[in-house]
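First the structure, in the form of structure tokens, and then the observations on it.
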Amino acid sequence: AYRVAGLKHSNDIDCVISPDRVEAAFALLTAQGYRLWLPAADLNAAQRRHALRFEDEFTFVHAKLGHQLDLHWRLTRNRALLTGISLGGAGQV
């Protein structure tokens, strides 16, 4: 869309992973100094499971460096959008 990568402002890194890998990624990011920021700074296990069902991403911020990373397990919250596209190719989002 921008034709030159330097024209687009970016303030985060987007990572898309399979939903069954979110907990492992959560643990890895936390161990590397990232802290959950959105949807809330502190979620218990039940709240994380709820977010996995109804949200599409967690946003983390590195505690010292301030880098923002968005961990996506879906491309959109609305499952009716982007049908036919999934992490594995054909299928549901």
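The values are calculated or read from the model by the stated rules, or taken from the named source; none is laboratory data. This one's a predicted model, so the numbers in the text were calculated from it and none came from an experiment. Every residue, glycine among them, receives a Cβ derived from its backbone with ideal geometry; neighbour counts consider all protein chains shown. Please note that ligands, DNA and RNA were not included when accessible areas were found on the heavy atoms of the full protein model with its side chains. Shrake-Rupley method; radii C 1.70, N 1.55, O 1.52, S 1.80 Å.
So Leu52 clears everything in (1) at pLDDT 85 or above; (2) closer than 21 Å to Ile13 by Cα; (3) not in a loop (DSSP other than H, G, I, E, B) except one condition, right? Which one?
Among (1) at pLDDT 85 or above; (2) closer than 21 Å to Ile13 by Cα; (3) not in a loop (DSSP other than H, G, I, E, B), Leu52 violates only (1).
Restricting to segment 43-64, count the residues that are open to solvent by 80 Å² or more (accessible area, probe 1.4 Å) and under 16 Å from Leu75 (Cα atoms).
Going through segment 43-64 one residue at a time, the tally reaches 2.
Please go through segment 55-64 and give me each residue that is part of a loop (DSSP other than H, G, I, E, B) and touching a Ser or Thr at 6+ places or on another chain (Cβ under 9 Å), ordered by number.
Listed by number, the list holds a single entry, Asp56.
Could you check segment 27-56 and list, in sequence order, the residues that are over 14 Å from Gln68 (Cα atoms) and among the hydrophobic types (A, V, I, L, M, F, W, C)?
Ala27, Leu28, Ala31, Ala40, Leu43, Ala45, Ala46, Ala51, Leu52, Phe54
Can you find even one residue in segment 26-42 that is among the charged types (D, E, K, R), in a strand (DSSP E or B) and either open to solvent by 80 Å² or more (accessible area, probe 1.4 Å) or within 20 Å of Leu75 (Cβ to Cβ) (or both)?
Taking segment 26-42 first, the residues among the charged types (D, E, K, R) are 35, 42.
Filter once more, so that each one left must be in a strand (DSSP E or B): 35.
Those left that are additionally either open to solvent by 80 Å² or more (accessible area, probe 1.4 Å) or within 20 Å of Leu75 (Cβ to Cβ) (or both): 35.
Yes; the residues of segment 26-42 include at least one that is among the charged types (D, E, K, R), in a strand (DSSP E or B) and either open to solvent by 80 Å² or more (accessible area, probe 1.4 Å) or within 20 Å of Leu75 (Cβ to Cβ) (or both).
Say whether the condition of being part of a helix (DSSP H, G or I) and modelled with pLDDT under 85 is met by at least one residue in segment 6-17.
Scanning segment 6-17, I find at least one residue that is part of a helix (DSSP H, G or I) and modelled with pLDDT under 85, so the answer is yes.
For Leu87, state whether it is surrounded by fewer than 15 Cβ atoms within 10 Å (Cβ to Cβ) and at pLDDT below 65.
Spelling it out, it is not the case that Leu87 is surrounded by fewer than 15 Cβ atoms within 10 Å (Cβ to Cβ) and at pLDDT below 65.
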